[in-house]
1. So Gln149 fits all but one of (1) at pLDDT below 95; (2) surrounded by 13 or more Cβ atoms within 10 Å (Cβ to Cβ); what number is the exception?
2. Hey, does the range 170-177 have a residue that's closer than 23 Å to Gly93 by Cβ, touching a residue at least 60 places away in the same chain (Cβ under 8 Å) and polar (S, T, N, Q)?
3. Any chance the range 140-151 includes a residue that's of a type in the set (Phe, Trp, Tyr), farther than 14 Å from Val177 by Cα and touching a Gly at 6+ places or on another chain (Cβ under 7 Å)?
4. Which of the numbered conditions does Lys133 fail, given that it passes all the others? Conditions: (1) in a strand (DSSP E or B); (2) buried (at least 16 other Cβ atoms within 10 Å of the Cβ); (3) of a type outside the set (Asp, Glu); (4) out of contact with any helix residue (DSSP H, G or I) (no Cβ under 8 Å at 6 or more places or on another chain).
5. Looking at Ala103, Ala113, Ala120 in this structure, which one is closer than 14 Å to Leu186 by Cα, touching an Asp or Glu at 6+ places or on another chain (Cβ under 9 Å) and assigned to a strand (DSSP E or B)?
6. How about the range 80-93: which of its residues are farther than 21 Å from Ile165 by Cα and open to solvent by less than 80 Å² (accessible area, probe 1.4 Å)?
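The values are calculated or read from the model by the stated rules, or taken from the named source; none is laboratory data. Keep in mind that what you see is a predicted model, and the values were worked out from it rather than measured. Because the Cβ atoms are built from the backbone with ideal geometry, glycine has one as well, and the counts that use them run over all protein chains shown. Heavy atoms of the whole protein, side chains included, go into the accessibility calculation; ligands, DNA and RNA do not. Shrake-Rupley method; radii C 1.70, N 1.55, O 1.52, S 1.80 Å.
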Amino acid sequence: MKKWLLTSVVLASVLAVSACGNTNSNDPAASNASSGSNATNTSNASNGTNGSGASGASNASNGTNNTNGSNANAPADESASTPAYFGDWTVKGVAGSTAVSTAPDDSMIGTKATYASDKAVFGKDEIQKPEYKEEELAKGDFASEYRVQLKDLGIDADSVKAVTIGDGASPGSFFVVKDAQTLLVLWDGNFYELQKAA
């Protein structure tokens, strides 16, 4: 009797364990839910990561291209910053004189001048690697400094740009920018008008 009871308990336990195992392994819903969930999560994680990476790489690439495009325009910006007085000029006449001056020198008319980053030339005088010092002078300050009014030089403005090259001690090394096509070079108290070459 005891042997039969023990056998029945063991058999029942085996059946119960077997049934549980079969249910877990053969249940399509459980299997699909588990597998599907994992597959979906893995796929989403993978796709999300790859998608983000691709987008990031694309954005980084686009950013690089935009930067390169900006660099391509750099020379235009540099040319825009070139001083208006750089170029070739010719003395055309006398625009005016200070209160203290010598008689205008007519031999100055026709003198050629060139202002550039590597040299400044006025007639026979040449300065290598010139240093240009620009200064904006209000008309009152200009009149006090040079004892002549801007309007007397044909300049109708409240201020003017004055440029000194080095120590300003040689002909053509100090001038006033009247406009983009006209410079006024001061020498011996006289302002000589220079016109830019075409």
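1. Failed condition: (1).
2. No.
3. Of the residues in the range 140-151, the ones of a type in the set (Phe, Trp, Tyr) are 142, 146.
With the extra rule that they be farther than 14 Å from Val177 by Cα, the set shrinks to 146.
Adding the requirement that they be touching a Gly at 6+ places or on another chain (Cβ under 7 Å) leaves none.
Within the range 140-151, none of the residues are of a type in the set (Phe, Trp, Tyr), farther than 14 Å from Val177 by Cα and touching a Gly at 6+ places or on another chain (Cβ under 7 Å).
4. All conditions are met except number (2).
5. Working: Ala103 fails: assigned to a strand (DSSP E or B); Ala120 fails: closer than 14 Å to Leu186 by Cα.
Answer to the selection: Ala113.
6. Gly93
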